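The values are calculated or read from the model by the stated rules, or taken from the named source; none is laboratory data. Not measured: the values here are computed from a predicted model. Using ideal geometry, Cβ is built from the backbone for each residue, glycine included, and neighbour counts are taken over all protein chains shown. Note: areas computed on protein heavy atoms with side chains; ligands, DNA, RNA excluded. Shrake-Rupley method; radii C 1.70, N 1.55, O 1.52, S 1.80 Å.
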Amino acid sequence: MRRREFISLFGGAAASSMLRPLAARAQPAAVPVIGFLGPGSAESDAYRVKAFRQGLRESGFVEGQNVTIEFRWAEGRYDRLPAMAVDLVQRQVAMIAATSSPAALAAKAATTTIPIVFEAATDPVILGLVASLNRPGGNLTGVTQLAEEIAPKRLELLHELLPAVRVVALLVNPSDPVLAEPQARQALSVAGTLGLELHVLNASTERDFDAVFAKLVELRAGALVIGGDAFFTSHSDQLAALALHHSMPAVYQWREFAAAGGLMSYGSNITDTHRLAGALAGRILKGDKPVDLPVQQATKIELYINLKTAKALGITFPLPLLGRADEVIE
C-alpha cells in the first residue's frame, strides 16, 4: 500500500471514529410514554384528561412535544381494567396514571416497578395502595379525595333542604364494593340518626338507570343521594337529566352534576385532583420516585346549587343554605 493511500485511509477511519460519538450525542432523547388508565370513556372523561394535561404542563411536559399519552378506557366496565393495565406494562410505558380506585388496584396488581400515579376517592392506605400517606412505599403515589367521609353529608344536606321527606335512596355501584359498601354503611347510620328510611339501590351499567328511577317511584322516595363512583361521574349528564325528568331532588359530589341540571353537588373539585395528579406525574418524569412523594389530599369541599332546577322542582332553598354555596347556578 502506498504511503499516501495509507494516510488517507487512516485519516478517514479516525474521522469516522470521532464522528460516531458526536452523532450518538446528537440523537434526541426518547419521549416518555404515560399509560392513562381510565374507568370511563374519552368523551365522558374529557375534563379529567384536560386537567391532567394541565398538571403535566405546569411541570414542563406538553403532550405531543416532550411526552406521549396512551389512553385505555374501560367504558364503565371495571372488569376490563386488569387486562388493560397488563397491556400498558407490556408496552413498557414510563408510568401509569390510574384515575379511579379500581384502575389503581388493577395497575398495582400489574406491576411493582413501573411508577403509578393514582387519583382515587377511597383512603389509599385502607385500600392497600400505599403504606402511609406521608411515605407511600413501593411504586405508587397520587391524590385522594374525601368521598367516603362526605357521602353522609350529602344526605344531611338533602334533609336540611327537604325536612318533610322521610323516604330517601342512595345509589351505589356494586362493581366497586371497596367504595360502595362504606358509603352505604355510613349513609344508613346517618339516616337512622335523622329518622329517615333509606333504601340502597345498585347500578353498574347504563341499562340499570331506568330501573333505578322506576324503583324510586315504587318506593315513593322523595330524594336521591348518588354515591361517589367513577362510573356515575362519567354519566353525570345522564343522571342529572333522569333526575329532572322524574322530578327527583338529587345530590352528587361533582360540580359537573349540578351544571348538567342536577339539584346540588357537594364534594371535592375533581378537575383540581386530576391537575394535582398530572403535576405528580411530571415530577416523576423528571426523576422523583413515588416512594419519596407523599400522597396529596383534596381537602377543599365545594357546594353547588342549581336554582333553575330547584324552580322546576318547586323547591325553595333557605337563605342560610344558599349562603354556604360556593356557586349558585341560575
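Per-structure values
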{"item": "From the options 256, 218, 156, residue that is part of a helix (DSSP H, G or I), touching a strand residue (DSSP E or B) at 6+ places or on another chain (Cβ under 9 Å) and either acidic (Asp, Glu) or more than 22 Å from residue 305 (Cα to Cα) (or both)", "result": "256"}
{"item": "Condition check for residue 30: surrounded by fewer than 21 Cβ atoms within 10 Å (Cβ to Cβ), under 15 Å from the mean Cα position of the chain (by Cα) and assigned to a loop (DSSP other than H, G, I, E, B)", "result": "no"}
{"item": "Test set (1) closer than 26 Å to residue 314 by Cβ; (2) touching a residue at least 24 places away in the same chain (Cβ under 8 Å); (3) open to solvent by 60 Å² or more (accessible area, probe 1.4 Å) - residue 218 fails condition number", "result": "(2)"}
{"item": "Of the criteria (1) over 19 Å from the mean Cα position of the chain (by Cα); (2) free of Cβ contacts under 8 Å to residues at least 40 places away in the same chain, which one residue 177 fails", "result": "(1)"}
{"item": "First in segment 34-58 and among the hydrophobic types (A, V, I, L, M, F, W, C), second anywhere and assigned to a loop (DSSP other than H, G, I, E, B) and at pLDDT below 90, Cβ under 8 Å, 6 or more apart", "result": "none"}
{"item": "Enumeration of residues in segment 70-117 that are among the β-branched types (Val, Ile, Thr) and more than 9 Å from residue 38 (Cα to Cα)", "result": "86, 89, 93, 96, 111, 112, 113, 114, 116, 117"}
{"item": "Candidates 190, 200, filtered to the one that is in contact with a strand residue (DSSP E or B) (Cβ under 6 Å, 6 or more places away or on another chain), open to solvent by 10 Å² or more (accessible area, probe 1.4 Å), β-branched (Val, Ile, Thr) and over 20 Å from residue 314 (Cβ atoms)", "result": "200"}
{"item": "Residues of segment 54-67 classified as open to solvent by less than 60 Å² (accessible area, probe 1.4 Å) and not aliphatic (A, V, I, L, M), total", "result": "5"}
{"item": "Sole residue being out of contact with any Lys or Arg (no Cβ under 7 Å at 6 or more places or on another chain), outside any loop (DSSP other than H, G, I, E, B), of a type in the set (Val, Ile, Thr) and in contact (Cβ under 8 Å) with a residue 12 or more places away in the chain, chosen from 284, 315", "result": "284"}
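Let's see how each residue does on (1) over 25 Å from residue 222 (Cα atoms); (2) surrounded by 17 or more Cβ atoms within 10 Å (Cβ to Cβ):
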{"site": "256", "(1), (2)": "no, yes"}
{"site": "268", "(1), (2)": "yes, yes"}
{"site": "274", "(1), (2)": "yes, yes"}
{"site": "281", "(1), (2)": "yes, yes"}
{"site": "298", "(1), (2)": "yes, yes"}
{"site": "306", "(1), (2)": "no, yes"}
{"site": "309", "(1), (2)": "no, yes"}
{"site": "314", "(1), (2)": "no, no"}
{"site": "317", "(1), (2)": "no, yes"}
